[in-house]
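The structure appears below as structure tokens.
The values are calculated or read from the model by the stated rules, or taken from the named source; none is laboratory data. Only a predicted model underlies this, so the values are computations on that prediction, with no experimental measurement involved. In case anyone asks, the SASA skips ligands and DNA or RNA and just uses the protein heavy atoms, side chains included. Shrake-Rupley method; radii C 1.70, N 1.55, O 1.52, S 1.80 Å.
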Amino acid sequence: MDITFILTIGAPLLIIAAIIKSDRFQEPTALVIKTFFLGVFLCYPAGELNYLFIPSDEYSFVAGFTEESLKFLALYFYIKPKKSFNEPMDAIVYGTIISLGFASLENFDYVYSGDPEISALAIAVIRAISAIPLHATCGVVMGYFFGLYAFSGSKILLIKSLAIPMLIHASYNFLVGVSDVLWFFALLVAISYARGLHQQLSALQKEKKFEAERKLV
């Protein structure tokens with residue numbers, strides 16, 4: 001197995017492993033696997049939507065709206081009804097897994113069907129420090145607000161769970177086409193923001209004796 005393939009698939013899987021490990025109350029393995037492959041599947045409708053709404057690279061920011069909408073729908077209609085989704089941190093776990101399932105197939109496509117003038121290994125390295133963390137960041141942010149919404153019933157939090165990841169993703173895509181420096185700093189800010197949100201729920205989780213909370217939606 002060559003280093004390009006390991007990096008292509010390993011980068012998203014490594015982040016998934018870290019997110020799963022950070023959860024004090026582990027999620028069912030079967031649901032984790034199903035959720036990952038649901039994220040993989042979302043690449044197909046996303047590809048069709050992006051084909052319809054993105055006529056050229058100048059409009060690549062639109063992918064932030066199409067792709068995050070599909071991830072949100074998966075979280076809302078597939079994860080929310082599950083009995084295993086019984087505390088806010090679970091939304092971060094599943095939201096990130098959905099995002100990185102999506103990113104895994106997208107990454108494979110970019111690495112092995114991308115620019116022929118750039119080596120597959122170079123593309124894999126670049127995406128491991130850019131697009132993969134971007135997708136993970138959006139998953140964490142979406143999951144944070146979605147988790148709070150599910151156990152509070154606040155519609156404002158529901159709106160934030162979709163709108164903020166959309167804004168992060170769209171801004172990143174736009175800046176990639178504008179500057180070789182701005183997108184990197186924007187990504188670092190977004191990662192720092194997502195890390196802070198994750199730490200908030202981790203701290204609350206450590207204070208709990210039991211996992212389950214009552215969903216209000």
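Observations
- Between 0 and 90°, nearest 10: helix 3-22 axis offset from the chain longest Cα axis: 20 degrees
- In the context of the full set of protein chains, residues of region 3-83 present 58 Å² of accessible surface per residue (probe radius 1.4 Å, heavy atoms only).
- ³J(HN,Hα) computed for each position of region 156-166 - Karplus, 6.51 cos²θ - 1.76 cosθ + 1.60, integer Hz, glycine/proline x: 4, 5, 5, 4, 4, 5, 9, 5, 5, x, 4
- The chain: relative contact order as a whole-number percent, Cα under 8 Å and 6+ apart: 29 percent
- Couplings for region 93-99, taken from phi via the Karplus curve 6.51 cos²θ - 1.76 cosθ + 1.60 with θ = phi - 60°, read 4, 6, x, 5, 5, 4, 4 Hz in order; Gly and Pro are left as x.
- Near GLU211, no amide H atom lies under 5 Å from its own; only residues 5 or more places off or on other chains count, and H is placed 1.01 Å from N.
- When the solvent-accessible area of the chain is split by element, carbon and sulfur atoms take up 68 percent of it, the probe being 1.4 Å.
- Within straight-line cross-link reach of LYS209, aspartates and glutamates at Cα separation under 13 Å, skipping those fewer than 8 residues along the same chain: GLU87
- Angle in degrees between helix 131-150 and the longest Cα principal axis of the chain, rounded to the nearest 10: 20 degrees
- Couplings 3J(HN,Hα) for region 73-90, derived from phi with the Karplus relation 6.51 cos²θ - 1.76 cosθ + 1.60 (θ = phi - 60°), are 4, 5, 5, 6, 8, 9, 7, 3, x, 5, 5, 5, 7, 10, 6, x, 4, 4 Hz, where x marks Gly and Pro.
- Helix 182-206 vs. the chain, principal-axis angle (Cα, 0 to 90°, nearest 10): 20 degrees
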